[in-house]
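Trainee: Before we start, here is the structure in question, set down as structure tokens.
The values are calculated or read from the model by the stated rules, or taken from the named source; none is laboratory data. Everything quoted here is computed from the prediction, not taken from an experiment. Here the Cβ is made from the backbone with ideal geometry for all residues, glycine too, and neighbour counts use every protein chain on show. Calculation scope for accessible area: heavy atoms of the full protein, side chains included, ligands and nucleic acids excluded. Shrake-Rupley method; radii C 1.70, N 1.55, O 1.52, S 1.80 Å.
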Amino acid sequence: MAKRPIIVAPDPRLKVKSTKVAVVDDGIRKLMDDMLESMYEAVGLGLAAIQVGVPKRVIVIDLAKPEDKKPKPLYLVNPEVVAASESDALFEEGCLSLPGQFAEVERPSWVEIAYLDYDGKPQRLRAEGMLGVCIQHEMDHLEGVLFVDHLSALKRNMILRKLSKQKKQQLVNA
């Protein structure tokens, strides 16, 4: 496994729509392993391949808490929503590509998805609560959508300006 740098907004690469994976092979498994290592290092819950500069429909998620002491990774290749609740839920979201920024986002309270697992086997999963939110958040990344895109233009622009300032400051200090 190798840690990959996580792209921080604003960056046009985060707005790229990801392409389907033709086959889950050793290269895709290596990508997922690398993504998981990068996500753990950054202390995140989920990561889409586009966040490490790879425009493929690949997501890794792990909601295990540090006190669990055992990772419980979920690998999603080519995930698709096959059903969603008609009722919505409001959750506070953050993102490794928008460090230190959080906002409440309204999404369906549950989703059912179809996807390929780490071995390329078809799976289905119904997810609600934090897992449901995390899956929807990461699937947005596959479409070039950030959680701030669900906010008002004023809130979104404030967050993106703040991140842009931080990036410029880091370049000056480097």
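Trainee: Under 7 Å by Cβ, and 6 or more places apart or on different chains, what pairs join a residue from region 42-71 that is closer than 20 Å to Ile28 by Cα with one that is polar (S, T, N, Q) and in a strand (DSSP E or B)?
Mentor: Pro55/Thr19; Lys56/Thr19; Arg57/Thr19; Arg57/Asn78
Trainee: Condition check: exposed (fewer than 14 other Cβ atoms within 10 Å of the Cβ), modelled with pLDDT of 95 or more and touching a Phe, Trp or Tyr at 6+ places or on another chain (Cβ under 7 Å). Does Glu92 satisfy that?
Mentor: On the way: exposed (fewer than 14 other Cβ atoms within 10 Å of the Cβ): yes; modelled with pLDDT of 95 or more: yes; touching a Phe, Trp or Tyr at 6+ places or on another chain (Cβ under 7 Å): yes.
It is true that Glu92 is exposed (fewer than 14 other Cβ atoms within 10 Å of the Cβ), modelled with pLDDT of 95 or more and touching a Phe, Trp or Tyr at 6+ places or on another chain (Cβ under 7 Å).
Trainee: Keeping to region 126-174, report how many residues are in a helix (DSSP H, G or I), open to solvent by less than 50 Å² (accessible area, probe 1.4 Å), without any contact (Cβ under 8 Å) to a residue 40 or more places away in the chain and touching a helix residue (DSSP H, G or I) at 6+ places or on another chain (Cβ under 6 Å).
Mentor: The qualifying residues number 0.
Trainee: Would you check if Lys17 is loosely packed, with under 15 Cβ neighbours inside 10 Å, out of contact with any strand residue (DSSP E or B) (no Cβ under 6 Å at 6 or more places or on another chain), closer than 15 Å to Val145 by Cα and at pLDDT 95 or above?
Mentor: Numbers: loosely packed, with under 15 Cβ neighbours inside 10 Å: yes; out of contact with any strand residue (DSSP E or B) (no Cβ under 6 Å at 6 or more places or on another chain): yes; closer than 15 Å to Val145 by Cα: yes; at pLDDT 95 or above: yes.
Yes; evaluated as a whole, the condition is true for this residue.
Trainee: Scan region 108-118 and tell me whether some residue there is open to solvent by 80 Å² or more (accessible area, probe 1.4 Å), modelled with pLDDT of 95 or more and not hydrophobic (A, V, I, L, M, F, W, C).
Mentor: Of the residues in region 108-118, the ones open to solvent by 80 Å² or more (accessible area, probe 1.4 Å) are none.
No, every residue in region 108-118 fails to be open to solvent by 80 Å² or more (accessible area, probe 1.4 Å), modelled with pLDDT of 95 or more and not hydrophobic (A, V, I, L, M, F, W, C).
Trainee: Could you say which residue among Val81, Val77 is of a type in the set (A, V, I, L, M, F, W, C), farther than 23 Å from Gln170 by Cβ, open to solvent by 40 Å² or more (accessible area, probe 1.4 Å) and not in a loop (DSSP other than H, G, I, E, B)? Even if it seems obvious, please write down each step before you answer.
Mentor: Numbers: Val77 fails: open to solvent by 40 Å² or more (accessible area, probe 1.4 Å).
Only one candidate qualifies: Val81.
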